[in-house]
Amino acid sequence: MLTLYHHLQSPCAAKVRTVLTEKGLEWESRIVDIIEKDNLKPEYLALHPKGLVPTLVDNGNVVIDSTIVMEYLDTAYHEDSLKPPTAYGQAKMRKWTKWVDEVQHPNWPGLAWLILIRPRWLAKSDAEIAALLAKLIDPARRERQQRMLGQGFTAPEFTSAMRIFDTSLADMEVALAANTWLAGDRPSLADCAMLPYVASGELFGLSMMIAQRPRVADWLQRFKSRPSFAVTMPWSLEPGIVAEVRRHAEPAWAAIRAA
């Protein structure tokens, strides 16, 4: 039996949910509340020493790190493979998964943390916030969350996240001019890796950035018609939050485009 420890709003977990659904695999869901730092409790750290989501358990075998999990699932359950059939296609696919791991995701908290986590933390006492920050293993991550909590959308992480997301969309637009999907004529792990970020960007109120890339917009619409989309993105935001994000995002994006 496949068991996935995950959080609904985590893009890394969403990548794996997309793969599971695209491949038609049955799996058991175990929600880990990363906002309340349940991922840093001893019982979860025993599975994933870095305290990150997702973690996959396959008949007692523990697999961590979302890209490795995606590759594992596609290899272990090889029917309906999500890898292109050629070596060159697989190289293009891994270019995207590498981009997500090394650039897109590390900069994503500048959007996601501000939008999804900061509002809940602002309702907490100073002691509660201090206790949550003290649980963090990485001191750089602790410093970043403290800065974003205090500075909000004026934090440098917000501008950086907007710039990287814009770059991702621009590169996708170029790739989709040559292929129906990012690495070929059918969905691959490349598309599964990028989907949570593009779909979350739309939910965050950044649809104007997507609309300027018609091929990306079409790619997203095609994904929305697939059964995996509802499993990938089973959450939404209050309209007031979206309006607030858009108010800050539009001038930031204008500055990025002008530069």
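The values are calculated or read from the model by the stated rules, or taken from the named source; none is laboratory data. Because the structure is predicted, anything quoted here is derived from the model rather than measured. We place every Cβ from the backbone using ideal geometry, glycine too, and count neighbours over all the protein chains shown.
Here are some notes:
- Some residue of segment 3-20 being touching a helix residue (DSSP H, G or I) at 6+ places or on another chain (Cβ under 8 Å) and free of Cβ contacts under 8 Å to residues at least 40 places away in the same chain: no
- Residues (more than 16 Å from Gly201 (Cα to Cα), in a helix (DSSP H, G or I) and without any contact (Cβ under 8 Å) to a residue 24 or more places away in the chain) located in segment 99-129: Glu102, Asp126, Ala127, Glu128, Ile129
- Any hit, segment 185-203, residues being of a type in the set (Val, Ile, Thr), surrounded by fewer than 22 Cβ atoms within 10 Å (Cβ to Cβ) and touching a helix residue (DSSP H, G or I) at 6+ places or on another chain (Cβ under 9 Å): no
- You will find that of Pro156, Pro227, the residue that is under 19 Å from Asp74 (Cβ atoms), surrounded by fewer than 18 Cβ atoms within 10 Å (Cβ to Cβ) and not basic (Lys, Arg) is Pro227 and no other.
- With respect to (1) farther than 19 Å from Arg163 by Cβ; (2) assigned by TED's automatic domain parsing to the domain that holds Leu189; (3) over 13 Å from the mean Cα position of the chain (by Cα), the lone exception for Leu82 is condition (2).
- Positions within segment 50-79 being free of Cβ contacts under 8 Å to residues at least 40 places away in the same chain, within 20 Å of the chain's Cα centre (by Cα) and assigned to a loop (DSSP other than H, G, I, E, B), in sequence order: Asp65
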